[in-house]
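Remarks on the structure that follows.
Bear in mind that the values in this text are calculations on the coordinates, not laboratory data. Nothing here was measured: the structure is a model prediction, and the numbers come from that model. Cβ placement follows ideal geometry from the backbone for every residue including glycine, while neighbour counts extend to all protein chains displayed.
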Amino acid sequence: MGEPMIILPAIDIKDGACVRLYQGDYGKVTTYDTDPVRVAQRWQEAGASWLHVVDLDGAASGYPVNVGLIGRIRAATSLRIEVGGGMRALPHIEQVLDLGIERIVLGTIALTDRALIEEALHRWGERIAVGLDARDGRVAMQGWRETSSTQATSLARELRMLGVRRFIYTDIARDGVLKGPNLEALSEMQRVITEPLKASADATYPTSALIASGGISTIDDLQAVAGLGVEGAIIGRALYTGDVVLASAIQEIERGGG
């Protein structure tokens, strides 16, 4: 048995509110709370150790938009926080890390700017994670509005060789629709980032960790994802609809029911 899987509640911010999108569609928005800070405090009280924050306005704009609000979440909680959305330049990353954020999730630039990823890894190491958002196994970009021809698994292999030590994999078709995670795709991604990979005749690349995202809607889904050996699972809509009660999920998955 490895480490217990971490549950990361998600706060997606759009226009200053806590929302969820349906399959990444900015035209299909449900607002769950007008105050993301209050939501973050609620998840902390339920026992969360990590928080997954997405700046949806940033993802659409190509630069961080909700920095002030993210700073307020940081100040109001003791949670460890990872933030994604719109960070496509080194000053963007630095601006958000300077808030005291533990981890940055880079998306689109993993495909479009390899030099930037390399420099970010050089400067911040494990504080940089890469979000691989896939539609039919191919990487989506620009806030999910475009799908590339690149296979998510082959990009993960390349980035692992570059030094990326943590990936967040989202199956867009499952995201925000409560239909269950794509276990097959997650299992394949977990295999690709942990299989022995030779760097030279007598050295192998380190393995990377995987955080699953998209479609998790029940405790059974969480158990199934945990069974793949992944490091963490992000839950969004299911927490807001009440399909999953965070305190119960943490008790069962992270603390083994005891």
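A few points about this structure:
- Rounded to 5, the percent of DSSP beta bridges in the chain classed as antiparallel: 30
- Neighbour net charge for D57 - beta-carbon separation under 12 angstrom, K R +1, D E -1: -2
- Relative contact order of the chain: 20 percent, from C-alpha pairs under 8 Å at least 6 residues apart in sequence.
- Extension gain for E45-E3 works out to 12.9 nm (0.36 nm per residue, less the C-alpha to C-alpha distance).
- Förster-model FRET efficiency, 45 Å R0, T207 and T34, C-beta, rounded to 0.05: 0.65
- Annotation: the residues L116, L186, L162, sorted from fewest to most other C-beta atoms within 10 Å of their own C-beta, follow the order L162, L116, L186.
- Order of R135, R80 - criterion: other Cβ atoms within 10 Å of each residue's Cβ, fewest first: R80, R135
- Exposure proxy order (Cβ contacts within 10 Å, fewest to most) of S154, S78: S78, S154
- Extension gain for R255 to Y22 (0.36 nm times residue separation, less C-alpha to C-alpha distance): 80.8 nm.
- Set of lysines with alpha-carbon distance to K179 below 27 Å, sequence-local pairs under 8 removed: K14, K28
- R0 of 22 Å, Cβ-Cβ distance S200-E126: FRET efficiency to nearest 0.05: 0.45
- Cα lying deepest toward the dipole's positive end in the stretch 6-254, options I93, S149, L239, charges on Cβ: I93
- Charge sum, other residues only, whose C-beta stays under 9 Å from S208's C-beta, Lys/Arg counted +1 and Asp/Glu -1: +3
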